[in-house]
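Could you have a look at this structure, given as structure tokens, before my questions?
The values are calculated or read from the model by the stated rules, or taken from the named source; none is laboratory data. Since this is a predicted model, take the numbers as computed values, not measurements. Virtual Cβ from ideal backbone geometry, glycine too; neighbours counted across all protein chains shown.
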Amino acid sequence: MILQSIVIVTFILIIISLGSALFHLINHKSEEQSKKTVKSLTFRITLSLILFVFIFIAFATGLIKPHGIGLNINRPHVTPAETTNP
């Protein structure tokens with residue numbers, strides 16, 4: 001539950017940072033606004049990289065386990081005829 005909370009909060013912060021950059025980009029009237037846009041985008045990229053590394057470490061340590069489509073990729077395909085014993 002804590003892992004999900006961390007990921008959700010980080011996504012929300014990324015979206016807020018992106019919105020802030022858009023706001024400063026639209027109101028680009030001075031050099032200060034340009035610097036604020038760059039800072040917002042830099043903060044968003046930093047958050048995205050931290051989130052990626054966090055998810056990678058959580059997956060590597062086994063805190064996050066795959067499920068769904070990618071779960072059965074490496075398993076050999078077994079037909080119903082092979083599972084019955086004659």
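Checking LYS29 against (1) surrounded by fewer than 15 Cβ atoms within 10 Å (Cβ to Cβ); (2) free of Cβ contacts under 8 Å to residues at least 24 places away in the same chain; (3) in a helix (DSSP H, G or I): exactly one of these is not met. Which one?
Condition (3) is where LYS29 drops out.
From the set of residues in the stretch 41-64 that are closer than 25 Å to PHE23 by Cβ and touching a residue at least 40 places away in the same chain (Cβ under 8 Å), which is surrounded by the most Cβ atoms within 10 Å (Cβ to Cβ)? Reasoning before the result, please.
Our first condition is that a residue be closer than 25 Å to PHE23 by Cβ; within the stretch 41-64, this holds for 41-51.
Then drop every residue that is not touching a residue at least 40 places away in the same chain (Cβ under 8 Å), which leaves 50-51.
Details: ILE50: 12, LEU51: 17.
Of everything passing the filter in the stretch 41-64, LEU51 is surrounded by the most Cβ atoms within 10 Å (Cβ to Cβ).
I'm checking my understanding of the structure. Among residues of the stretch 1-26 that are modelled with pLDDT under 90 and closer than 30 Å to LEU63 by Cα, which one is surrounded by the most Cβ atoms within 10 Å (Cβ to Cβ)?
It comes out as LEU3.
Here is a check on your reading of the model: is LYS35 in a loop (DSSP other than H, G, I, E, B), loosely packed, with under 13 Cβ neighbours inside 10 Å and not polar (S, T, N, Q)?
In short, no.
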